[in-house]
Amino acid sequence: MQKVMIIEDNNDLRLDLTEQVKGNGYEPIPITDFERIIEHFIEEQPDLVLLNVNLPYFDGYYWYRQIREYSECPVIYLTQDGDDPTMQLKIPETKQGSKKSVAVKPYTSEILTATLRSQLASTYPKTN
C-alpha cells in the first residue's frame, strides 16, 4: 500500500485529509510534530507528501528543500495562496523529473483524489 504523509497544522483539515487518503486506498501518515518533520519523513519513507505551505517553526518551502535531500517523491503543496501570482516563484526549483503540484484551499475531495492518483501513477507506474 502506498503511503501518503500529511503535513498540515490545522487539526480538522488534517483529520479530513487522513480520511480521504485512507478512503482512496492509501496509508495516511499524519504529522503533528512540526519540529521533526524530516525525521518522520526519513523513518516513514512516504510515496507522496501533502505539504501545507504555512506551518509553525518553518514553512512548507523549507521542508520541501529538506525532503529533496532524501527523496524525489511527489509533493503536493496545500495552500490558500492560489490567487498569488508569485506563488510559483516561491516554490523551490527541483531536479529534473521531480514531481510537485499545488492544491488550493478550499479544494474538493474529487480534485484532491485526482491529484493524488495522477502524481502517484506518473511517479510509480504499474509494471506488468
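Where a number appears in this text, it was derived from the coordinates with a stated rule and is not lab data. The structure presented is a predicted model; accordingly, all values stated were derived computationally and were not measured. Cβ: placed from backbone, ideal geometry, glycine included. Neighbour counts: every protein chain shown.
Show me 58-64, 18-24 ranked by packing, highest mean number of other Cβ atoms within 10 Å first.
Order by mean packing, descending: 58-64, 18-24.
For a label point 7 angstrom out from the Cα of Glu39 toward its Cβ, which stretches of the range 46-68 have the backbone nitrogen within less than 14 Å?
Answer for this model: none.
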